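Quick notes on the structure that follows.
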Amino acid sequence: MTGLLQKIDSPADLRRLPRAELPALAAELREFVLQTVSQTGGHLGSNLGTVELTIALHYVFDTPRDRLVWDVGHQTYPHKVLTGRRDRMHTLRQLGGIGGFPKRDESEYDTFGTAHSSTSISAALGMAMAAQLKGEPRKAVAIIGDGAMSAGMAFEAMNNAGVPHEGVVPDMLVVLNDNDMSISPPVGALNKYLARLMSGNFYAAAREGAKAVLKNAPPLFELARRFEEHAKGMVVPGTIFEEFGFNYVGPIDGHDLDALIPTLENLRAKKGAQFLHVVTKKGYGYKLAEADPVKYHAASGKFNPAEGFPKAVAPAKPTFTQVFGQWLCDMAAADDKLVAITPAMREGSGMVEFHKRFPKRYHDVGIAEQHAVTFAAGLACEGLKPVVAIYSTFLQRGYDQLIHDVALQKLPVVFALDRGGLVGADGPTHAGAYDIAYVRCVPHCSMLTPSDENECRMALTTAYQADHAVAVRYPRGSGVGAAIDPALKAWPWGKGVLRRQGSRIAVLAFGTLLHPALAAAEKLGATVADMRFVKPLDEELVLQLARSHEALVTVEEGCLMGGAGSAVLECLAAHGLAVPVLTLGLPDRFVEHGDPARLLALCGLDAAGIEASIVQRFGARPSLAAVNA
């Protein structure tokens, strides 16, 4: 890092720089982001691609008075660096450090917390409307990617934003950052439409011809370039965005500060709804990331920028995601009715091999979780067997569809819920903390919680054989390395299993916390049951353990309110059994980002924490008389 970036402690410092120095600043900022992510891990390609855009936005707009709303937030590391957090970037995504996404409680420049996609236009519209109602002359800017633009919520917001409210259209700008990527290559008609906008032969020929004629006349060339920015509608047909009521400008080069800054200055001076289409390259300035934007979307850990990401080494034990991917291929080979669906998470959900082997039965619907769920319902209506591979946190976005379109009609859809529980560095926006509670309260929906890799394979087979909606939740990363039976075996429906016979206290474990529960039980002489099912709960096993033990302990990596522990308490109450019960799970707060094992320990859900909670509540010796007194 040379002198320029060190001078920038706020956007006000940036705005004091001469424009001629901004390209050098962009080079420094890009290198700083690359070096930072190489030490901390995190999103890389998207951040490298938005360096110039970030500089231009903060240079033109009076932030934080003018509001910048970043969609998803994968691309906000340059924004964090320029807004006073440069010296804390080494703590990125670490416990106690700065977050990987915008957070309102982290900086006044983070005007809206994000991490789930397609919320920016709605939020910016709300801010623009609030400015009008309060009589505050400020701008609101939404920066959204072409992948996020495919979600219905973005179009719902545009449909609202471009129409006058009481005769006034709010002053807002939507910047479409079009890099022809989301996490995977984008899909769908919108992507093809944007490609046509960028490849208009007449416009491209006219632009290049004008450059050739005017290249030796700088003043005229500048005039022509400005004319291009303002009057391109003369050579490019009206766009869908104009039909929504926006003034459309673009596409322009998102890495050309000499184009970005004057264009943004012109749009800032305009009233009403404005739309700027900028074209960027994911991973720009780092050749390895430019060549493979999917691989370089994010770094899982440290790497040498000169060498790139380390060569992938087969893990000593498969991840749960890989177990799902293999099961999906095996089940598809056994049953040609299986159809797999992902909302733009092919790699993250372990579906690359399935896509190669069964392309006609693979559907990436883009960032459109609501559509994914109802699309699956439609397939199920016609006798197919849809499997929706979706992160736990993202199924929250399709919850009405889960209830209304799948469960109400008792349709057999399998939901493979990856990232159940805490996820580590991505933090509370991505944690799968609520799926047990929000699935088990819905009629005609079951919830299975496998405890290891082989159990996960069996749980998926069990779910696939059911005649109604079933969710199988499993965590990010690897388990205990259980040997995997290649056969497609199912569990006995609704039955848990005893894993350890003890006395006095029975621990009912749901999911992978079975293993720390077993470790704690060894020291306490307790019984341990692997419950397998949250719904239908194995009530026979619960009652048997309640009648043969002095107390029960439930353990789950999910929220306690409405969770598996609540199901056990409801069962005992329904049968009139007054047995002391300790419920252990995630606390009633959003758990911050950090190392997953450390976070579980802080929540008291490692072996030592489970043991300590049991001893604190019931004591270490056999008698519970003092507890019940």
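The values are calculated or read from the model by the stated rules, or taken from the named source; none is laboratory data. Just so you know, these numbers come straight off a predicted model, no measurement behind them. Glycine also receives a Cβ, built like all others from the backbone with ideal geometry; neighbour counts cover every protein chain displayed. Just the protein is used for accessible areas: all its heavy atoms, side chains included, with ligands, DNA and RNA removed. Shrake-Rupley method; radii C 1.70, N 1.55, O 1.52, S 1.80 Å.
Flag not set for GLY398, criterion: touching a helix residue (DSSP H, G or I) at 6+ places or on another chain (Cβ under 9 Å), within 19 Å of PRO587 (Cα to Cα) and surrounded by 23 or more Cβ atoms within 10 Å (Cβ to Cβ).
Taking the listed residues ALA521, ALA564, ALA509, the one that is within 19 Å of SER451 (Cβ to Cβ), touching a strand residue (DSSP E or B) at 6+ places or on another chain (Cβ under 6 Å) and without any contact (Cβ under 8 Å) to a residue 24 or more places away in the chain is ALA521, with no other qualifying. Criterion first (assigned to a loop (DSSP other than H, G, I, E, B), of a type outside the set (Val, Ile, Thr) and open to solvent by 20 Å² or more (accessible area, probe 1.4 Å)) does LYS317 satisfy it? Yes; evaluated as a whole, the condition is true for this residue. Of all the criteria given as (1) more than 26 Å from LYS139 (Cβ to Cβ); (2) outside any helix (DSSP H, G or I); (3) modelled with pLDDT of 90 or more; (4) of a type in the set (A, V, I, L, M), the one not satisfied by VAL278 is (1).
Among the candidates HIS355, HIS363, HIS404, the residue that is without any contact (Cβ under 8 Å) to a residue 60 or more places away in the chain, outside any helix (DSSP H, G or I) and open to solvent by 30 Å² or more (accessible area, probe 1.4 Å) is uniquely HIS363. Here LYS134 passes the criteria (1) open to solvent by less than 10 Å² (accessible area, probe 1.4 Å); (2) under 27 Å from GLU166 (Cα atoms) except the one numbered (1). When residues in region 503-531 are screened for being open to solvent by less than 20 Å² (accessible area, probe 1.4 Å) and closer than 19 Å to GLU557 by Cα, 15 of them pass.
Just checking, which of ILE436, ILE484 is β-branched (Val, Ile, Thr) and within 20 Å of GLY563 (Cα to Cα)? Answer to the check: ILE436.
Does region 470-480 include one or more residues that are open to solvent by 10 Å² or more (accessible area, probe 1.4 Å), at negative phi and β-branched (Val, Ile, Thr)? There is at least one residue in region 470-480 that is open to solvent by 10 Å² or more (accessible area, probe 1.4 Å), at negative phi and β-branched (Val, Ile, Thr).
Do we have any residue at all in region 571-583 that's within 29 Å of the chain's Cα centre (by Cα), within 19 Å of ALA431 (Cβ to Cβ) and modelled with pLDDT of 95 or more? Yes, the conditions are met somewhere in region 571-583.
Scanning region 533-564 for residues that are open to solvent by 10 Å² or more (accessible area, probe 1.4 Å) and touching a Ser or Thr at 6+ places or on another chain (Cβ under 6 Å) yields LYS535, LEU560. Within region 96-129, restricting attention to residues that are in contact with a helix residue (DSSP H, G or I) (Cβ under 6 Å, 6 or more places away or on another chain) and part of a loop (DSSP other than H, G, I, E, B), the residue that is modelled with the lowest pLDDT is SER117. Within region 275-299, residues that are of a type in the set (S, T, N, Q) have Cβ atoms under 9 Å from residues that are assigned to a helix (DSSP H, G or I) and surrounded by 23 or more Cβ atoms within 10 Å (Cβ to Cβ) in these pairs: THR280/GLU52; THR280/LEU53, counting only partners at least 6 apart in sequence or on another chain.
Provide a single number: the residues in region 572-606 that are part of a helix (DSSP H, G or I) and either under 15 Å from GLU557 (Cα atoms) or in contact (Cβ under 8 Å) with a residue 60 or more places away in the chain (or both).
7
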